[in-house]
Ligand code: HEC
């Protein structure tokens, strides 16, 4: 009886975890002629995504991958986004890229680890994804093979698949009645492209973002860095920052008290957010002022209590 139940359970898990059939890939024909307007829109979108700096290793070529990303689960290495046909995105179709970004599944059917924030990019529009790929295709190809992750069992693809099946919520953001366009634009930027929450929201069991603590700060953000509370809570968040404070910060990395920001935040500003239009930065500020304030004092481990 018990054995039977175990067998059914094991079988169930095995079926649940079976690889998804790879989408039939159209034969790689001649590369589409680059559309300069799409390339420049795509470059802007890449900036809005923080410049994708996680894909640039300190000593490596821009966007050629290989950067170690330390997480509580192990070290994962980012991949090559340049159009090298063998080691980068050279032979990816638009459909491949859209599926990777929106569903977390590669062209050959392998599942990605959520250290790649497809959990946010899933909300991007197909048009924006096509433009982003058009820009990536315009880069100089760099040959740089992927490095294997150093995460024990959690580096196995089957772990990525289990995670995706259990926790991933795909799909675009809906429209919220009564909210102005600028707010919707800000939400799209924050929640889809700029993926602020991937660093600023604490993660619970299995590395899942804690929805109740959205943007309320994470002690162990990527690369082990502390990412502060950016909800509008007066005491523990950025409730005292004005909108111009926030847009100035996203342009320069300077906080209202004159301090400059460090680490990953300074990278995503320099290679990304600083290049956004005033209108887009204003929309980000408008949206951030509207998220529920969460009282959550984020402190580095070992720092004194209140
Ligand atoms: C790759 C991770 C990452 C992403 C993406 C990211 N941040 Fe940050 N952010 C950080 C880290 C780490 C810090 C702390 C930097 C420091 O200590 O100087 C920080 C600091 C900040 C601060 C300073 C808060 C304070 O109290 O000092 C603000 C504001 C901020 N981020 C807003 C944003 C917004 C808005 C976005 C999206 C548009 C964003 N961040 C995206 C990692 C990130």
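The values are calculated or read from the model by the stated rules, or taken from the named source; none is laboratory data. Everything quoted here is computed from the prediction, not taken from an experiment. Backbone-built Cβ (ideal geometry, glycine too); neighbour counts: all protein chains shown.
Residue check: residue 299 meets all listed conditions (1) surrounded by fewer than 20 Cβ atoms within 10 Å (Cβ to Cβ); (2) within 10 Å of the ligand (Cβ to nearest atom); (3) farther than 24 Å from residue 180 by Cα but one, namely (2).
Okay, residues lined up against (1) more than 23 Å from residue 43 (Cα to Cα); (2) in contact with a strand residue (DSSP E or B) (Cβ under 7 Å, 6 or more places away or on another chain); (3) within 10 Å of the ligand (Cβ to nearest atom):
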residue: 238; (1), (2), (3): yes, no, yes
residue: 243; (1), (2), (3): yes, no, no
residue: 248; (1), (2), (3): no, yes, no
residue: 252; (1), (2), (3): no, no, no
residue: 257; (1), (2), (3): yes, no, yes
residue: 268; (1), (2), (3): no, no, yes
residue: 278; (1), (2), (3): no, no, no
residue: 282; (1), (2), (3): no, no, no
residue: 288; (1), (2), (3): yes, no, yes
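Restricting region 70-95 to residues that are crowded, with 19+ Cβ neighbours inside 10 Å and within 13 Å of the ligand (Cβ to nearest atom), the residue that is modelled with the highest pLDDT is 78.
Close contacts from region 235-258, counting a first residue that is on the phi > 0 side of the Ramachandran plot and in the same structural domain as residue 194 (by TED's automatic domain parsing) and a second that is within 9 Å of the ligand (Cβ to nearest atom) and not in a loop (DSSP other than H, G, I, E, B), with Cβ to Cβ under 6 Å and a gap of 6+ residues or different chains, come to 253/260; 253/266; 253/269.
Picking from residues in region 215-224 that are near the ligand (Cβ under 9 Å from one of its atoms) and touching a strand residue (DSSP E or B) at 6+ places or on another chain (Cβ under 9 Å), the one that is farthest from residue 287 (Cα to Cα) is 223.
Only one of the listed residues (212, 208) is surrounded by fewer than 19 Cβ atoms within 10 Å (Cβ to Cβ) and either within 11 Å of the ligand (Cβ to nearest atom) or at pLDDT 95 or above (or both). That residue is 212. On the stretch given as region 183-205, residues that are more than 9 Å from the ligand (Cβ to nearest atom) and in a loop (DSSP other than H, G, I, E, B) total 3. Residues in region 53-66 that are touching a helix residue (DSSP H, G or I) at 6+ places or on another chain (Cβ under 6 Å) and within 15 Å of residue 198 (Cβ to Cβ): 53 alone.
Here residue 120 meets the list (1) free of Cβ contacts under 8 Å to residues at least 40 places away in the same chain; (2) in the same structural domain as residue 91 (by TED's automatic domain parsing); (3) under 15 Å from the mean Cα position of the chain (by Cα) almost entirely, failing just condition (1).
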